[in-house]
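Shown next, in C-alpha cells, is the structure this report addresses.
The values are calculated or read from the model by the stated rules, or taken from the named source; none is laboratory data. Bear in mind that the values here come from a model prediction, so they are computed numbers and not experimental data. As a convention, Cβ positions derive from the backbone with ideal geometry for all residues, glycine included, and neighbour counts pool all protein chains shown. These area figures cover heavy atoms from the full protein model, side chains too; ligands, DNA and RNA do not enter into them. Shrake-Rupley method; radii C 1.70, N 1.55, O 1.52, S 1.80 Å.
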Amino acid sequence: MPKKKIIIGNWKMNPESLTEAKRTLTKIKKVAGTLRKVDTVVCVPAVFLGDLRREATGKRCVLGAQDCYFEPKGSFTGEVSPLQLKSLKVKYVIIGHSERRAMGETDALIAKKVKAAIASGLSVVLCVGEQVRDKDGKYLKQIEKQVEIATADLKKSDFEKLIIAYEPVWAIGEAAKRPAEPRDVFEMKIFVKRILNDKHGKKASEDTRFIYGGSTDDKNAESFLHEGQVDGLLPGRASLDPEKFGAMLRIAEAI
Ligand code: PGA
C-alpha cells in the first residue's frame with residue numbers, strides 16, 4: 001500500500017502569542033480533519049505544546065516539536081527531553097534543522113538526538129542539506145556525511161520512524177534565492193535512499209520517508225510531490241498562513 005503523504009509545518013519561533021497560535025492551529029485543523037490521504041503535523045514552539053495539545057487531538061493533525069535533547073532527564077538547563085515530549089502526546093520531532101546546525105549542532109550531537117528520540121517512541125524528521133550547490137558535486141559528500149553519521153547507530157526497525165527532510169540551506173527562509181528544482185530533489189531522494197540501502201539494507205531504505213523543505217508553498221507543492229516524487233513537504237513560512245498551508249494539504253490529498 002502506498003504511504004500517505006505527510007505535510008509538516010515548521011513554525012520556528014512563531015507566532016508571538018499563544019492566542020495567535022491557537023487561532024492558526026484551529027484553522028489548519030479544520031482542513032486537515034477532512035483529508036484521508038494526508039498526515040498533517042504542525043511543529044510548534046515547545047512553550048506552546050502543552051496548551052495546543054487540546055487543539056490537535058484529532059488523528060489527522062498532530063503536534064511536533066522542533067528539537068529535543070538526548071537525555072531523558074537531569075541537569076540540562078533549557079533543554080527538553082524526548083520523554084517530556086511523549087508525555088504531552090507529541091508524535092514528531094524535527095532534529096538537525098540547518099538553523100540549529102548554524103547555532104553549533106554537530107553531526108555527532110544530532111546522531112545522539114535521533115537515536116534517543118526514536119528510542120523514546122517519537123518519529124524523527126531529520127533535516128539534511130548543503131550550504132551551497134557547487135558544480136563539482138562536493139555538496140553530495142556533505143549530504144552523505146550528514147545522513148551516515150545521523151543514522152549510524154540506528155537499528156533496522158528504527159527506520160520506520162525516520163523521515164529525512166532535504167532542506168538545502170540556500171533554499172530556506174526569507175533570504176532564499178529560489179526553491180530547489182523538483183528534478184534536483186528527486187535526484188537527492190535517489191542518492192539518500194542509496195546511502196541508506198548501502199549502509200542499512202533495502203528495508204531500512206524503503207521504510208524511510210523522504211520529504212522536501214525550502215520555500216515550499218501552495219504554488220510549488222504539486223511539482224515537488226509529483227515530479228520530485230517526495231513523500232511530503234516541510235514548509236516554514238507557508239505553515240503560518242492557514243490559507244496557504246490548507247491549500248498545500250489539499251494538493252497533497254489530490255496527488
Ligand atoms: P521556509 O522554511 O519554507 O520558510 O523556506 C523551511 C524550513 O526551514 O523548514
Point to revise | Fraction of accessible area attributable to carbon and sulfur, the chain (%, probe 1.4 Å) | key: 52
Study note, to complete from the structure: From DSSP H assignment alone, runs of 4+ in the chain each adding -39500 (n - 2.57), the sum over residues rounded to the nearest 500 puts [θ] at 222 nm at -12000 deg cm²/dmol
Practice item. Only residues of the stretch 89-115 count here: report those whose backbone N is under 19 Å from the spot 7 Å along Cα→Cβ of Gln131, or say none. Key: 96-110
Review point. Running Debye on the chain with equal point scatterers at the Cα sites and no solvent, what base-10 log of I(q)/I(0) appears at q = 0.08, 0.11 Å⁻¹?
Key: -0.27, -0.53
Revision key, fill the gap. Once the dipole of the stretch 143-255 is set up from charges on Cβ (+1 Lys and Arg, -1 Asp and Glu), the residue from the list Pro182, His200, Val230 lying farthest towards its positive end is His200
Exercise for review: Within the set of other residues whose C-beta is less than 13 Å from the C-beta of Lys202, count the net charge using Lys and Arg as +1 and Asp and Glu as -1.
Suggested key: +2
Practice item. Please work out how much length the chain gains when fully extended from Glu174 to Asn14, using 0.36 nm per residue of separation minus the C-alpha to C-alpha distance, in nm with one decimal. Key: 56.2 nm
**Study point:** Per residue accessible area in Å² of the stretch 1-129, where ligands, DNA and RNA are left out and the probe is 1.4 Å
**Key:** 49
Revision key, fill the gap. Taking a crude spin-label model, label points 7 Å out from Cα along the C-beta direction, the Leu140 to Thr26 distance in nm is 5.1
**Study point:** Ranking by accessible area, most exposed first, for Thr208, Thr34 with a 1.4 Å probe
**Key:** Thr34, Thr208
Review point. Spin-label point model (7 Å from Cα, Cβ direction): what's the Lys203 to Ile190 distance in nm?
Key: 2.7
Exercise for review: Taking 7 Å along the Cα-to-C-beta vector as the label spot, tell me the Ala254-Lys3 distance in nanometres, rounded to one decimal.
Suggested key: 2.4
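Please give the net charge around Ser87, taking every other residue with its beta carbon less than 12 angstrom from that of Ser87, where Lys and Arg add +1 and Asp and Glu add -1.
Summing Lys/Arg as +1 and Asp/Glu as -1 gives +4.
For each pair in Lys12/Lys155; Lys4/Lys145; Lys155/Lys193; Lys86/Lys193; Lys145/Lys202, compute the distance between the two Cα atoms and list the pairs where it is over 22 Å.
Lys12/Lys155; Lys4/Lys145; Lys86/Lys193
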Review point. Leaving out same-chain residues fewer than 8 places away, which aspartates and glutamates sit with a Cα under 16 Å from that of Lys3?
Key: Asp39, Glu160, Glu206, Asp207, Asp231, Glu253
Revision key, fill the gap. Counting only protein heavy atoms and leaving out ligands, DNA and RNA, the solvent-accessible surface of Glu222 at a 1.4 Å probe, in Å² to the nearest 10, equals 100
